[in-house]
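The values are calculated or read from the model by the stated rules, or taken from the named source; none is laboratory data. Being a predicted model, the structure only gives us computed values, none of them experimental. Virtual Cβ from ideal backbone geometry, glycine too; neighbours counted across all protein chains shown. The accessibility values were calculated without ligands, DNA or RNA, using every heavy atom of the protein model including side chains. Shrake-Rupley method; radii C 1.70, N 1.55, O 1.52, S 1.80 Å.
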Amino acid sequence: MPKRGTRGVAMPKDIVLPPGAHRELLLELHRLYHLAGTPSLRVISSALQNGDEFRATINRNKVSEILSGVAFPTTMQLDSLVHYFAKNAVNELNQKEERARFLDFWMRTQAERQSEGPSMPDETIESALRRASSAGTSKPLIALCADANPEMVINVLGELDRRRWNSFSREVIESLGETFSASNVPMLISELRLSENYSWDSNRVITVFGAVRSNEDCLDLLHLLRALGSNDDVVTLVLSFSDARSPREVADFYLAIHQAGIAASEFRSNYVRSTPPPTKLLAIILAMKDLNFPLDSIISFAMFRFTSSLSAGEKAVVHAATELKRRGLSDVASALIVAALEDAQRNGYFSYRKFLASDQCSREDKEVFLSLASKAGIDVSKIVDAEIEN
């Protein structure tokens with residue numbers, strides 16, 4: 001563990017952390033650290049572990065490595081340290097402003113660190129192409145592109161396109177969401193979108209990332225994309241995670257988002273979204289209930305993907321509401337119905353009128369749904385369409 005000074009962890013010497021973006025960021029962090037009274041590593045680690053408002057828990061060794069310049073923090077680690085130091089600063093710093101300032105600083109620093117990284121010579125691409133051709137596998141190219149400089153990725157894809165190795169190209173693109181760190185994804189998708197040939201592949205990177213990466217990695221990327229104002233990318237990430245994971249994993253992810261102070265309403269857009277199977281929507285709602293979500297948050301996270309009139313969520317909503325009622329959760333069922341019909345009202349409730357009159361909806365489910373809607377103060381005559389039923 002790095003040596004502590006008389007007033008906490010000392011700023012590293014130039015020989016350990018040379019002048020540059022990382023050092024400038026660390027100098028600013030040390031300023032906050034001293035304003036907070038240079039608390040001990042144990043105190044810092046304990047506070048982050050026990051405080052629900054912090055995005056990441058950090059053990060004392062990692063805190064020491066970050067403050068001594070040995071390790072570069074993730075966005076969530078930096079945000080937690082800045083939040084804690086600003087909260088305890090003697091001059092009562094604005095915590096929200098400091099956290100936003102440091103996130104912007106982190107992104108500029110990371111971009112500079114990435115650009116300062118060693119560049120791969122063209123013959124490395126040629127070597128990987130030869131090995132891929134000889135072995136009949138894209139693995140050498142995937143390894144070459146893993147978390148590489150985005151320029152390298154574009155060059156590899158360009159060579160594959162030139163040779164018309166389409167299957168290898170698709171496999172490399174699929175791999176990027178698995179191999180790129182959260183901190184480097186924003187730069188990658190930005191470069192892909194600047195390229196005429198690969199602009200649409202950026203969405204695939206985010207989709208794969210959300211489907212296969214850890215909860216923490218996805219939260220890190222969500223935090224970065226949100227800070228960049230990339231709302232559509234945030235929505236893509238959240239939907240991908242939600243579709244690929246178990247209901248409990250989805251509920252845990254939603255809880256982490258909720259605890260970070262991010263509302264589900266931020267994910268609403270008019271893009272058509274796939275609807276989860278009715279049984280999965282119900283299971284996610286029940287998992288959120290088990291995690292003691294507030295009722296309004298349960299509904300917001302359950303409904304954020306149904307804002308498009310073409311999202312066909314009526315089957316899932318009716319099933320979830322009627323099953324919730326049967327399980328003694330009428331309050332959740334009623335709130336779900338109110339939220340769903342509020343969105344459907346813009347379209348004259350047409351999709352609900354059509355579904356409730358169809359053979360897909362049992363008479364029992366229809367009666368339960370309309371009863372709950374009526375008790376919630378909704379004029380059910382607007383939902384039952386005699387013409388459709390006849």
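Observations on the structure shown:
- Shape of the range 1-80, Cα gyration tensor, a/c cut at 1.5: prolate
- Lysines with Cα under 24 Å of LYS139, excluding same-chain neighbours fewer than 8 positions away: none
- From the alpha carbon centroid of the range 273-303 to that of the range 217-260 is 14 Å.
- Ranked order, MET76, MET187 - accessible area, probe 1.4 Å, largest first: MET187, MET76
- A 1.4 Å probe run over the range 164-323, with the rest of the protein chains in place, finds 41 Å² accessible per residue.
- When the trypsin sites (Lys or Arg not before Pro) in the range 313-364 are filtered for DSSP coil states and for at most 13 other beta-carbon atoms within 10 Å of their beta-carbon, the remaining sites are ARG327.
- Fluctuation leader among LEU341, LEU222, LEU239 - the chain, Gaussian network, Cα springs under 10 angstrom: LEU341
- Quotient of Cα Rg and 2.2 N^0.38 Å for the chain, N being how many residues it contains: 1.19
- Members of LYS280/LYS354; LYS315/LYS354; LYS280/LYS375 lying beyond 20 Å, as alpha-carbon distances in this model show: LYS280/LYS354; LYS280/LYS375
- Pairwise FRET efficiency - SER297 versus SER362, Cβ, R0 = 22 Å, nearest 0.05: 0.15
- At most 11 other Cβ within 10 Å, DSSP loop - GluC sites (Glu not before Pro), the range 139-216: GLU196
- Mean projected area (nm²) of the alpha-carbon convex hull when the range 194-329 is viewed from all directions: 8.5 nm²
- The range 40-161: proportion of alpha-carbon pairs further apart than 21 angstrom, %: 55 percent
- Choice from ALA264, ALA135, ALA339 with maximal GNM fluctuation in the chain (Cα, 10 Å cutoff): ALA135
- Where labels lie 7 Å past Cα in the beta-carbon direction, separation of THR179 and ALA244 in nm: 1.6 nm
- Note on the chain: with neighbouring protein chains present and a 1.4 Å probe, carbon and sulfur make up 48 percent of its accessible heavy-atom surface.
- Residue-averaged [θ]222 nm for the chain, counting only DSSP H segments that reach four residues, each worth -39500 (n - 2.57): -20000 deg cm²/dmol
- Heavy-atom accessible area order for VAL43, VAL208, largest first, 1.4 Å probe: VAL43, VAL208
- In the range 157-263, the trypsin sites (Lys or Arg not before Pro) that fall in loop regions by DSSP, at most 11 other Cβ within 10 Å: ARG164
- Sorted largest first, extent of the range 160-208 alpha carbons per principal axis (Å): 31, 21, 14
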